[in-house]
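Trainee: Pasting a structure here, questions to come.
Just so you know, all these numbers are worked out from the coordinates, no wet-lab data involved. This structure is a prediction, so every number in the text was calculated from the model and none was measured. Glycine also receives a Cβ, built like all others from the backbone with ideal geometry; neighbour counts cover every protein chain displayed.
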Amino acid sequence: MRMRKKLSRVILLFAAVVAVAAACSGPSARHNSFARTVTDDLGRKVALPEEVTRVVSLAPNITEIVFAVGAGDKLVGVTTFCNYPAAANQIKKVGDTLKPNIETIVALRPQVVLVSTASQLEGFIGLLDEQQISVLVTNPSSVEGVFESMAKIGEALGKSGEAKVVVARLRERVEGVRESAAKIKYEKPQTVFVQIDPTLYTIGKASFITDLVKIAGGRSVTGDLESAYPKVSREAAKAYDPSVIILSDSPDNREPNDVFADSEAVRDGRIVRIDADVLSRPGPRIVDALELIFKGIRGETPNE
């Protein structure tokens, strides 16, 4: 009986998706012929109409980028996690980043959906293709990669000039930190552990945060780990004995894991708390995070 009910729900959901797709398949939902292409971070050539006016963003960092390049008025849908800038809260929500609602997205008739990883849309990318809804993937793993994503999104949305200006300003701030950090001669390497959450998820080689730490004059003790956000054991974490601990600040991640109780960082009080949204979103605010990391490594107290 339970199996039949479950099957019925699946059939009803499928029928609803088909109905929405059919409703949106008329001339008003279809673009004119695609006039140009943009290459995304997966190397895919994404076809776009000459002018993009309706966009759905499926990641908070992408939403921030769209607003930063002056295209916020093109957004017709964002995720429930998209809370910055404040104007993002007024845009139609299409579900969360991991489970966006396909029916809502299709009903909004976007010309392009912007995603942070290809896996987000694997389940229904075919349906979007049928509706001539393009999918552009951005997945930066370095500071430069973030800037390239900003330029790419600017190009896709007809805001190349604005994106260049924004990126130039951000690059200038990054170079300022890089030059200042290079002038400081520490007695020993400034080893940094980034605690993403209290269960000891941290950063690895494929994370742009590892790049931030390096630019700021530090060395991530987990920077050689292959994945972007690996989880380390308590034994490994204790052995790292970092001189600085950076916390991705959220309600459940306000203090270092107790495994660091005897670490140099805790003994010296070198704990840097950076708002999780600022630190973890590969968008324009990573430069704010970089400047806070630099101050923390230098021994200042950026949180006070």
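Trainee: Give or take rounding to whole Å, what are the principal axis extents of the alpha carbon atoms in region 26-163, in descending order?
Mentor: 40, 31, 27
Trainee: So, one more: Okay, helix-only estimate at 222 nm for the chain: each DSSP H run of n ≥ 4 adds -39500 (n - 2.57), divide by all residues, round to 500 deg cm²/dmol; what do you get? Walk me through the intermediate numbers first.
Mentor: Details: 11 runs with 119 residues, N = 304.
It comes out at -12000 deg cm²/dmol, rounded to the nearest 500.
Trainee: Across region 262-304, how large is the tail of the calculated P(r) beyond 16 Å, expressed as a percent of all Cα pairs? Walk me through the intermediate numbers first.
Mentor: Working: 345 of 903 pairs.
Summing the P(r) tail past 16 Å for region 262-304 gives 38 percent.
Trainee: I'd like the trypsin sites (Lys or Arg not before Pro) in region 102-173 restricted to DSSP loop residues with at most 14 other Cβ atoms within 10 Å, sorted by number. Mind showing how you got there, number by number?
Mentor: Numbers: sites: K152, K159, K164, R169, R171, R173; in loops: K159.
For trypsin sites (Lys or Arg not before Pro) across region 102-173 that sit outside H, G, I, E and B with at most 14 neighbouring Cβ atoms in 10 Å, the list is empty.
Trainee: How much FRET efficiency would the formula 1/(1 + (r/R0)^6) give for D268 and A239, where r is the Cβ-Cβ distance and R0 is 25 Å, rounded to 0.05? All intermediate terms of the calculation are to be shown ahead of the outcome.
Mentor: Details: r = 18 Å, r/R0 = 0.73.
Between D268 and A239 the formula returns 0.85.
Trainee: Could you tell me the calculated FRET efficiency between R171 and D288, based on Cβ-Cβ distance and R0 = 25 angstrom, to the nearest 0.05? Walk me through the intermediate numbers first.
Mentor: On the way: r = 14 Å, r/R0 = 0.57.
It comes to 0.95.
Trainee: Now, a different point. How are the alpha carbon pair distances in region 221-304 distributed across 5 Å bins from zero to the largest one, expressed in percent?
Mentor: Taking every Cα pair in region 221-304, the percentages come to 3, 14, 21, 26, 23, 10, 2, 0.
Trainee: Follow-up question, since we're still on this one. Can you give the extra length, in nm with one decimal, that the chain gains between R36 and S250 once fully stretched, where that is 0.36 nm per residue apart less the Cα-Cα distance?
Mentor: Numbers: separation 214, 0.36 × 214 = 77.04 nm, distance 4.16 nm.
Result for the pair: 72.9 nm of gain on full extension.
Trainee: How high is the relative contact order of region 26-163, given as a whole-number percent (alpha carbon pairs under 8 Å, six or more residues apart)?
Mentor: Values: 242 pairs, mean separation 37.8, N = 138.
About 27 percent, as a whole number.
Trainee: Here is a follow-up. Let me check I've understood the local charge: for G70, count other residues with C-beta under 9 angstrom from its C-beta, Lys and Arg +1, Asp and Glu -1. What total comes out?
Mentor: Working: positive: K159; negative: D73, E162.
It works out to a net charge of -1.
Trainee: Express as a percent, rounded to the nearest 5, the fraction of DSSP beta bridges in the chain (both residues included) that run antiparallel. Write down the numbers at each step before the final one.
Mentor: Working: 7 of 28 bridges.
So the antiparallel bridges amount to about 25 percent of the total.
Trainee: Further question on the same structure: Could you pull out every residue, at least 5 positions away or on a different chain, whose amide H is within less than 5 Å of the one on V272? Hs are placed 1.01 Å off N in the peptide plane, and Pro or chain starts have none.
Mentor: Counting only residues 5 or more places away or on other chains, the set is I245, I246, L247.
Trainee: Mind sorting out which of [x] 18.4; [y] 17.4; [z] 14.3 is the real mean projected area of the Cα convex hull in nm² computed from the coordinates?
Mentor: Recomputing mean projected area of the Cα convex hull in nm² here picks out [x].
Trainee: FRET efficiency for T199 and A261, Cβ-Cβ distance as r, R0 = 25 Å, nearest 0.05? Each step should come with its number before you reach the end.
Mentor: Working: r = 16 Å, r/R0 = 0.66.
Computed FRET efficiency for T199 and A261 comes out at 0.95.
Trainee: Taking every DSSP beta bridge that has both residues in region 26-163, what percent is antiparallel when rounded to the nearest 5? Show your work: numbers first, answer last.
Mentor: Details: 5 of 15 bridges.
Rounded to the nearest five, the antiparallel share is 35 percent.
Trainee: Run a plain Debye calculation on region 230-269 (Cα atoms as equal point scatterers, no solvent) and give log10 I(q)/I(0) at q = 0.14, 0.18, 0.20, 0.33 Å⁻¹, rounded to two decimals, same order as the q list.
Mentor: -0.29, -0.49, -0.60, -1.22
Trainee: Would you order L114, L136 from fewest to most other beta-carbon atoms within 10 Å of each residue's own beta-carbon? Mind dumping the intermediate values first?
Mentor: Details: L114 27, L136 24.
With the sparsest Cβ surroundings first, the list reads L136, L114.
Trainee: Find the relative contact order for the chain and round it to a whole percent, using C-alpha pairs within less than 8 Å whose residues are 6+ positions apart. Let's see the in-between values first.
Mentor: On the way: 534 pairs, mean separation 43.3, N = 304.
Relative contact order for the chain comes out at 14 percent.
Trainee: Quick one: which residues, 5 or more positions from I203 or on another chain, have an amide H under 5 Å from its amide H? H modelled 1.01 Å from N in the peptide plane, none for Pro or chain starts.
Mentor: For I203, the qualifying residues are V194.
Trainee: Quick one: of K99/K152; K74/K231; K238/K295; K152/K214; K152/K188, which pairs are farther than 30 Å apart, Cα to Cα?
Mentor: Those over the limit are K74/K231; K152/K188.
Trainee: Using only Cα atoms, locate the centre of region 56-114 and the centre of region 229-304, then give the distance between them in Å, rounded to an integer.
Mentor: Between the Cα centre of region 56-114 and that of region 229-304, the gap is 29 Å.
Trainee: Next question, about the same structure. For E291, E51, which order do you get if you count the other beta carbons within 10 Å of each Cβ and list the fewest first? Don't skip to the end; give the middle numbers.
Mentor: Details: E291 18, E51 12.
Listing E291, E51 from fewest to most nearby Cβ atoms yields E51, E291.
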